[in-house]
Amino acid sequence: MLESSGARTLARGCAVLALVVAGTTGCGSGGDSGPAASKATTLKLITGVKSDPFYITMACAAQEQARKRGVKLTVDGSAQWDVAVQRPIVDSVAATRPDGLLISPVDTAALTPSLSQLQSAGTKVVLVDTTVSDSSVGVSRISSDNEAGGRTAAKALAELMGDKGSAIVISVKPGVSTTDARIKGFTEEMKAGHPAITLLPVLYDNDLPATAASQIQATLAAHPDLGGVFAGNTNTAQGVATGLQAAGRQGRVKVAAFDAEPDEVTALKSGTLDILVAQDPAGIGAQGVDQAIAAIEKKQVSAQIGTTMVAITKANMDDPAVSKYIYKDAC
């Protein structure tokens, strides 16, 4: 889910910032395209929010990799980031007894019983992007190093702010593994490395852009010295951009955001967002297929895989090495 930020004084230092996390790195369609699995092998992918370009990009790559590997993969996803919406999808998939399930759980704990039951029935579960707290769930976990991404966003934002003023984090909701880690990395870096910047309490928008827009406007009214915002995901970044425009503070309040969805890239070009910490959802999707097949075929599986992240700015966004990380809104 999204974020952003880009250029100006960062143009010199940010060029292409690659955060390569420990483990195998997946890129593009990525992954091993070795021997095909059995034609009878069936995989399911349940994404976090099916309309989100991050997950669309992941699904497109997973489908392409499944075709290469000769297996059948079908995709479903939540209409919104909500356990009550995702749980019935998981239960429906469980009834079909697929060989493998790739899933981005929308909560770190609430779906654990359902996923454990799936595993016990023989389905190989691979956690993609988000995870659950119970380490017994999932034969493989594939995601970005979100703490490192949060630290990167903090460093970039502090530089744009001139290491002064106040900053705020607006994110989805507590209990989401990826965004929790981003907040942790951001907060730790700001407190340790940029003590002159005052961190305001974290706000949560329940993944609703309109809420984020209202929150940033209320924050501006209460804290006129607000100099920076860290938007924890895509929808939050969209709402923050809208709120800043409505308040006439576009460009003056610097924004670091996660992800590189089409709307965020447009905001980067216009100067509403200043830097985008882009993940590699395509690599996550392709690696997820490969790890599920490996588990099904009783081959070696990587328990933990980290994928690349890059910092996209207005200055480097047209570089092919960077632009390939911009997300899709359709396959």
Among residues belonging to the range 233-254 that are open to solvent by less than 10 Å² (accessible area, probe 1.4 Å) and among the β-branched types (Val, Ile, Thr), point out the one that is farthest from residue 210 (Cα to Cα). 253
Boolean, residue 272 is at pLDDT 90 or above and open to solvent by less than 10 Å² (accessible area, probe 1.4 Å): no
Go through the residues of the range 153-170 one by one and say whether even a single one is open to solvent by 10 Å² or more (accessible area, probe 1.4 Å), under 30 Å from residue 114 (Cβ atoms) and either in contact with a Gly (Cβ under 7 Å, 6 or more places away or on another chain) or of a type in the set (Gly, Ala, Ser) (or both). no
So which of 257, 278, 267 is crowded, with 21+ Cβ neighbours inside 10 Å, closer than 13 Å to residue 54 by Cα and of a type in the set (A, V, I, L, M, F, W, C)? 278
Being at pLDDT 95 or above and under 17 Å from residue 309 (Cβ atoms): is that true of residue 66 here? no
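Among the residues of the range 59-73, write down those that are of a type outside the set (A, V, I, L, M), over 13 Å from residue 282 (Cα atoms) and open to solvent by 20 Å² or more (accessible area, probe 1.4 Å).
67, 68, 72
Quick one: which residue in 208, 226, 200 is in contact with a strand residue (DSSP E or B) (Cβ under 6 Å, 6 or more places away or on another chain), more than 27 Å from residue 322 (Cα to Cα) and surrounded by fewer than 21 Cβ atoms within 10 Å (Cβ to Cβ)?
200 is the lone residue from the list that is in contact with a strand residue (DSSP E or B) (Cβ under 6 Å, 6 or more places away or on another chain), more than 27 Å from residue 322 (Cα to Cα) and surrounded by fewer than 21 Cβ atoms within 10 Å (Cβ to Cβ).
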Would you mind telling me which numbered condition in (1) open to solvent by less than 10 Å² (accessible area, probe 1.4 Å); (2) of a type in the set (Val, Ile, Thr); (3) part of a loop (DSSP other than H, G, I, E, B) residue 326 fails? (1)
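The values are calculated or read from the model by the stated rules, or taken from the named source; none is laboratory data. Fair warning: this is a prediction, and the values are worked out from it, not measured in the lab. Reconstructed Cβ throughout: ideal geometry from the backbone, glycine too, with neighbour counts over all protein chains shown. To get the accessible areas, we keep the full protein, side chains included, count just its heavy atoms, and leave off ligands, DNA and RNA. Shrake-Rupley method; radii C 1.70, N 1.55, O 1.52, S 1.80 Å.
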